[in-house]
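Each remark here refers to the structure printed beneath this line.
The values are calculated or read from the model by the stated rules, or taken from the named source; none is laboratory data. All figures in this text were calculated on a predicted structure; none of them were measured in a lab. Glycine gets a Cβ as well: all are built from the backbone with ideal geometry, and neighbour counts include every protein chain shown.
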Amino acid sequence: MPAEAPVAERAPAGSLAGRAGRGRLRWRTQLFAVLVVAAVTGLLTAGSFHTFVRPTLVTVPDVKGRSAGDARAVLERLGLGVDQGITSPAGFAPGQVAAQVPPAGSGLRPGGRVEIDIAADPTRIDVQKSFYVGRKSAEVVAALRTFGFVVRVEQVSSESPQDSVVDVSPTGLVLQGDPVRVVVSKGLGG
């Protein structure tokens, strides 16, 4: 006759053997908790945890001089958004990026926005003395700056009322962004 296999009996709940089983379970739970804390602490001290807490920054490339489409593609490939404006600076062909904010080398979070200004064909604006002579200098300077001119003010003694414009030059079709000289009266006593 084959020998019977021994049958394990459960220890009664209040017995020493029952308490020892629960003690081993408690010990395993505590060991697991200690290992989890050690693993998290190791990540924090190694610096690896920062990649989960704080996103890395994207370095903004230099897109000045590139075509608008090329600049937009480069920035969007890096996960950056693009805002586009128009400008008329010297030294850039129409359609090229003439300025960018933030500048190249800056760090932005993914999804951050870069503003690019695209060079437009320079515009010529008709500047006539009759539009400006006799008006207050502040009005004339503000109007000319609105058209994109670099305004240079010169004051002279004149019979004209103080702070009124007595001359503007050059006149005719003037390239936007060029300097315009505004001559302002200091009055007779000036």
Quick one: which helices (runs of 4 or more DSSP H) lie wholly within segment 51-150 and hold at least 3 residues that are more than 18 Å from the chain's Cα centre (by Cα)?
-> 129-132, 137-146
Flag for Val183 being surrounded by 16 or more Cβ atoms within 10 Å (Cβ to Cβ), touching a Leu at 6+ places or on another chain (Cβ under 6 Å) and touching a residue at least 24 places away in the same chain (Cβ under 8 Å) = no
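Rundown of residues vs (1) surrounded by 13 or more Cβ atoms within 10 Å (Cβ to Cβ); (2) modelled with pLDDT under 95; (3) within 30 Å of Val183 (Cα to Cα), yes/no style:
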site	(1), (2), (3)
Val53	no, yes, no
Asp62	yes, no, no
Arg72	yes, yes, no
Gly81	yes, yes, no
Phe92	yes, yes, no
Thr123	yes, yes, yes
Phe131	yes, yes, yes
Lys136	yes, no, yes
Which of (1) modelled with pLDDT of 95 or more; (2) of a type in the set (Val, Ile, Thr); (3) surrounded by fewer than 12 Cβ atoms within 10 Å (Cβ to Cβ) does Thr146 not meet, given it meets every other one?
-> (1)
Residues of segment 153-164 that turn out to be surrounded by 12 or more Cβ atoms within 10 Å (Cβ to Cβ) and either over 11 Å from Gly187 (Cα atoms) or among the aromatic types (Phe, Trp, Tyr) (or both), as a count = 1
Kindly indicate whether any position in segment 98-107 is of a type in the set (S, T, N, Q), under 29 Å from Val182 (Cα atoms) and in contact with a strand residue (DSSP E or B) (Cβ under 9 Å, 6 or more places away or on another chain).
-> no
Pairs where the first residue, in segment 88-113, is closer than 18 Å to Arg124 by Cβ and assigned by TED's automatic domain parsing to the domain that holds Arg77 and the second is assigned to a loop (DSSP other than H, G, I, E, B) and among the hydroxyl-bearing types (Ser, Thr, Tyr), C-beta under 8 Å, 6+ apart | Ser88/Thr123
